[in-house]
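The values are calculated or read from the model by the stated rules, or taken from the named source; none is laboratory data. Everything quoted here is computed from the prediction, not taken from an experiment. FYI the Cβ positions are ideal-geometry reconstructions off the backbone, even for glycines, and counts take in every protein chain you see.
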Amino acid sequence: MIMAQSHDRVSENTEMSVISDSDWLSHFVCTVSWGTVVGTMALISQALPSLANHFDLAALLGALLFFGFVVSIFTCGGMLLIGLPITLVLRAFGHEHAWLYAALGTIAGFLVLAVLGSGSSADSSITVSGAIAGFAAALRWGLWRERRAAIRRQKRASRTSDKRNNPIHDLIH
């Protein structure tokens, strides 16, 4: 009985979260996967009309693997260089909303490919694919970050509501 009571007291005061430290990595991998799959499908769907004349399953699979590899590099790089710094800023300002992440991811995905393709005769479909991939990755990341922020707010609110009043402090003020 004493062990349970002391354990309860320690659990109430600990700084440990319900979410483990390795949890962010699984969400990061899922985010990159979402962006890769959606971006690859966007590129393939735009390339299908040109592949329709010479339909070959091997060529389609080769294009799928090639586009998937390239999109995964851009998605992972975008998450590391753009997404994580945006996460730090949004968390600092307390505005971790899935819609805001999705909007910023869409803009970032479009602009990165527009800037990289500005010197060439890159088709606008590539930049649209970047925007779609950025949207998907940022939406996935934003949904998770929004849930985490809600959990943090709920814990903060429960901690302040659980605090006992200090009768001496109440007498002084």
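Some values worked out for this structure:
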{"item": "Test: residue in region 24-33 that is modelled with pLDDT of 85 or more, of a type outside the set (Lys, Arg), over 14 Å from the mean Cα position of the chain (by Cα) and not in a loop (DSSP other than H, G, I, E, B)", "result": "no"}
{"item": "Cross-chain or 6+ apart pairs with Cβ under 8 Å, region 146-164 first and farther than 14 Å from His95 by Cα, then at pLDDT below 90 and among the acidic types (Asp, Glu)", "result": "Asp162/Glu12"}
{"item": "Odd one out for Ile19 among (1) at pLDDT below 75; (2) surrounded by fewer than 14 Cβ atoms within 10 Å (Cβ to Cβ); (3) not in a helix (DSSP H, G or I)", "result": "(2)"}
{"item": "Matching option when the condition is in contact (Cβ under 8 Å) with a residue 12 or more places away in the chain and more than 24 Å from His27 (Cα to Cα), among Ser125, Ser72, Ser45, Ser118", "result": "Ser125"}
